[in-house]
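Trainee: Let me begin by handing over the structure; questions about it come next.
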Amino acid sequence: MKSSDRLGLLLALPGVFVAFASVAYLLFANLVCEPLYQRNDLLDFEFLAKVKPSVAAKLGAPVSPPSREGLAFYKAPSLPAFCSSPR
Amino acid sequence: MTGSALPRFATWFVVGAIVAVYAHAIYYMPIPHNDQFREIYYTLAFPPGKIFSNFLEAPGPVFRPGEWVMRYLIVYVFGPYPSSYNYFQILFVVLVGGLALYAISCRNWIDAGAAITAITFLFGHHAFPATIEGNNTFTNGLALLAMMAALPILQSKGGLSSQLLAIAMSVATVLTKEVGLVVPFTFIAAAILGFPGVRRWTALVLLVLTLAYLGFRFTTLPALLAETTAQGRAHTGSAYLANITASPIMIVTGEPYDGNWSEFVRRHFYPWRVIRIVLGLATVAIIFAAFCLRKAAAEAFPEDELVDWKWTLLLLGVVAASSAIAFHYTRHRFGGMALPVAYLVLYRSLRIVLWRLSSLDGRKWLRVTAGSLLFAFSLGWASRAADVFFALRYLGATTLVAWVEHYQDYRTNDGKHPESLPYLDSFYWAALELPWPTVQNDSSFVKKWLGERVMNR
C-alpha cells in the first residue's frame with residue numbers, strides 16, 4: 001500500500017468504525033430487541049415522575065388521556081421488541 | 001474486490017449506515033404540536049382549492065405556498081397518518097445521502113478518506129439535525145436538498161435540461177420558504193464566477209424572478225415586522241446587524257447559540273461544545289490550506305477538482321447569503337443551505353492536503369503530526385455524526401413528554417376550532433403509542449458528553 005493510501009485509510013477509519021457500530025446496533029435492535037427504546041409508560045405517573053420529575057411535579061397527578069373514540073386519522077404504529085426496562 | 005472497489009464500497013457503506021441509523025431515530029419521533037398542528041390539520045380537513053383561495057385572498061406575513069403543496073403531497077403519497085411526516089423526513093435523509101455520493105468520486109483510499117470525513121461533516125454538522133428538529137423545519141431541509149442537487153448542475157456542461165432544472169428548483173424553494181433565496185443566489189453567483197454549468201441567460205432569468213419576488217416581499221414585509229413581536233426576533237437595524245454578523249460564526253462554530261452572545265458564557269462547556277468549536281475552526285483551516293496549495297495541487301489534480309478562487313468565493317457567498325437571510329432571527333438551521341457547498345469543498349480540500357502530505361519527502365515528523373491531527377479531525381466529525389442519532393432520540397423523548405405536559409393547553413387553544421379536536425386526539429395517541437427512548441438509562445458518560453439540553457448542540 002502506498003503512503004498516500006495509508007493516510008487516506010487512516011482518515012476513513014473513524015467513519016467506517018461509526019458505520020460498523022451503527023449497523024451492529026440496527027441489526028441487534030431489529031433482530032433481537034430494541035436496546036435504546038422501551039414500551040411507553042408516560043401515562044403511568046410513577047414512570048413519568050422517574051423520567052421527568054419536573055413535569056410530574058408540575059402536573060401533580062396522573063393526566064386523564066383523551067378518548068380513543070372517533071379519532072380523525074389514526075394508524076397504530078408497529079412497535080419493536082423491547083429488552084429495556086425502566087430503572 | 002479490486003483495489004478501487006474497496007474504497008468506494010467503504011464510502012457507500014458509511015453513507016448507508018448513517019442514513020439507516022438516522023432513519024431509525026426519525027421513525028420513532030412523534031410530531032410536535034407547536035408551529036404545525038394547525039397546518040397539518042388544514043391539509044387533512046380541507047381540499048387544496050379552499051386552502052389556496054384563502055391563502056391568496058388574505059396573504060399572511062409569510063408567503064409559502066410551496067410548503068402547502070409539500071404538506072398535501074406528504075398526505076397523498078404516504079397516507080393521511082401522522083407517521084407520513086416521519087416517512088417524508090426519512091426520504092429526505094436518503095436523498096441527501098444519495099446526492100452526497102453522486103457529488104464525489106472515489107477511486108482510491110485518498111478519495112475515500114476525504115469522502116468519508118466530508119460525509120460525517122455533512123451529517124454531523126449542527127445545521128443538519130436542525131433541519132429535522134421540528135418537522136416544520138423540513139422546508140429548510142428542502143433548501144438543503146436543492147443545494148445538494150445544485151452541485152452537479154454547477155459542474156455540468158450547462159445543457160438545457162440542467163438550466164431548466166436550476167430554474168425549477170429555484171422557484172420551488174423560494175416559494176416554499178424565504179431561505180430558498182440562497183438557491184437562485186448560488187446559480188447567479190456561479191454564472192458570475194464562471195462555473196460552466198450555469199448559462200448567462202439562466203442567471204438573467206433567475207435574477208429577474210428573484211427581483212420580482214423581492215419586490216413582492218418588500219411590499220408585504222412591514223406586515224411581517226409589525227406582526228412578529230415574539231421574543232428572540234430582531235426589530236431594529238442594530239439587532240438585524242447583530243444577527244447577520246453572528247450567523248457566519250454560528251455556521252462555523254455553532255456559537256453564539258441563536259445569535260445570542262450572552263449564551264456563550266452562560267452555557268456549560270460540555271465536551272461536545274468544545275469539540276464543535278474546534279472542528280468548525282479546523283474545517284476552515286483545512287479549506288484555507290487547500291486554497292493556498294491550489295497552484296502546487298494543479299500538478300496532480302485536474303483544474304475542475306481544485307479549491308480555487310471560484311469555489312472559495314462561492315462558499316463565502318453562500319455563507320454570506322444564508323447569514324443575510326437570518327437578519328430577523330438566526331438559528332442553526334440557517335446554516336443548512338451552506339452545508340452542501342462546504343461539504344464538496346471540504347472533500348476536495350482533504351484530498352489535496354492528503355496528497356501534499358504523502359508527497360513530503362524526508363519530513364516524517366511533519367507527516368506523523370499532520371496525519372495524527374487529521375485522524376483526530378476525522379474522529380471528531382465521526383463522533384458528531386453519531387451524536388446526531390442520540391440528539392434525535394432525545395428530541396423524541398422531549399416531544400413525547402410535551403404531549404403529556406401540555407395536552408390540556410393544546411386542547412384549550414384548539415378548542416376554538418372544535419372540529420380539529422379529533423385530529424388533536426389522533427396526534428396525542430399517535431405520539432403516546434411510540435416507544436419511549438430510554439434516556440434515563442444513558443450512562444453518566446453519555447450525559448456528560450452530550451449535555452442536558454442535547455438539541456441545543
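Yes/no per residue for (1) in contact with a helix residue (DSSP H, G or I) (Cβ under 8 Å, 6 or more places away or on another chain); (2) within 11 Å of chain A (Cβ to nearest Cβ); (3) not in a strand (DSSP E or B):
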| residue | (1), (2), (3) |
| --- | --- |
| B:Gly371 | yes, yes, yes |
| B:Leu379 | yes, yes, yes |
| B:Arg384 | yes, yes, yes |
| B:Phe390 | yes, yes, yes |
| B:Ala402 | no, yes, yes |
| B:His406 | no, yes, yes |
| B:Asp409 | no, no, yes |
| B:Tyr423 | yes, yes, yes |
| B:Gln440 | yes, yes, yes |
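So that you can scan it fast, the table gives a plain yes or no per residue for (1) in contact with a helix residue (DSSP H, G or I) (Cβ under 9 Å, 6 or more places away or on another chain); (2) touching a residue at least 60 places away in the same chain (Cβ under 8 Å):
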{"residue": "B:Pro32", "(1), (2)": "yes, yes"}
{"residue": "B:Arg38", "(1), (2)": "yes, yes"}
{"residue": "B:Phe46", "(1), (2)": "yes, no"}
{"residue": "B:Ile51", "(1), (2)": "yes, no"}
{"residue": "B:Phe55", "(1), (2)": "yes, no"}
{"residue": "B:Ala58", "(1), (2)": "no, no"}
{"residue": "B:Val62", "(1), (2)": "yes, yes"}
{"residue": "B:Glu67", "(1), (2)": "yes, yes"}
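Trainee: Name the residue, out of B:Thr220, B:Thr176, that is assigned to a helix (DSSP H, G or I), farther than 30 Å from A:Asp5 by Cα and either of a type in the set (Ser, Thr, Tyr) or at pLDDT 95 or above (or both).
Mentor: Result of the check over B:Thr220, B:Thr176: B:Thr220.
Trainee: Further question on the same structure: Six or more apart or on different chains, Cβ under 7 Å: which pairs go from a residue in the stretch B:89-114 that's more than 13 Å from chain A (Cβ to nearest Cβ) and closer than 11 Å to A:Asp5 by Cβ to one that's crowded, with 23+ Cβ neighbours inside 10 Å and at pLDDT below 95? Could you list them?
Mentor: No pair meets every condition.
Trainee: If you take the residues in the stretch B:310-319 that are in contact with a Phe, Trp or Tyr (Cβ under 9 Å, 6 or more places away or on another chain) and in contact (Cβ under 8 Å) with a residue 40 or more places away in the chain, which one is surrounded by the fewest Cβ atoms within 10 Å (Cβ to Cβ)?
Mentor: B:Lys310
Trainee: Of the residues that sit in the stretch B:257-274 and are crowded, with 19+ Cβ neighbours inside 10 Å and not hydroxyl-bearing (Ser, Thr, Tyr), which one is nearest to the chain's Cα centre (by Cα)?
Mentor: Across the stretch B:257-274, the extreme among qualifying residues is B:Gly259.
Trainee: I'd like the residue in the stretch B:139-173 that is in a helix (DSSP H, G or I), without any contact (Cβ under 8 Å) to a residue 24 or more places away in the chain and among the small types (Gly, Ala, Ser) and, out of all such residues, is surrounded by the most Cβ atoms within 10 Å (Cβ to Cβ). Even if it seems obvious, please write down each step before you answer.
Mentor: So in the stretch B:139-173, the residues in a helix (DSSP H, G or I) come out as B:139-154, B:160-173.
Of the ones still in play, those that are also without any contact (Cβ under 8 Å) to a residue 24 or more places away in the chain are B:160-161, B:164-165, B:168-169.
Now narrow it down to the ones that are among the small types (Gly, Ala, Ser): B:161, B:168.
Numbers: B:Ser161: 9, B:Ala168: 11.
Selected residue: B:Ala168.
Trainee: Right, next: With respect to B:Phe9, determine if the residue is farther than 26 Å from B:His406 by Cα, within 14 Å of another protein chain (Cβ to nearest Cβ) and either aromatic (Phe, Trp, Tyr) or out of contact with any Leu (no Cβ under 6 Å at 6 or more places or on another chain) (or both). It would help to see each step written out before you state the result.
Mentor: On the way: farther than 26 Å from B:His406 by Cα: yes; within 14 Å of another protein chain (Cβ to nearest Cβ): yes; either aromatic (Phe, Trp, Tyr) or out of contact with any Leu (no Cβ under 6 Å at 6 or more places or on another chain) (or both): yes.
Here the answer is yes, as B:Phe9 does meet what is asked.
The values are calculated or read from the model by the stated rules, or taken from the named source; none is laboratory data. Model, not experiment: these values are computed from the prediction. Please note: Cβ atoms are built from the backbone with ideal geometry, for glycine as well, and neighbour counts cover all protein chains shown.
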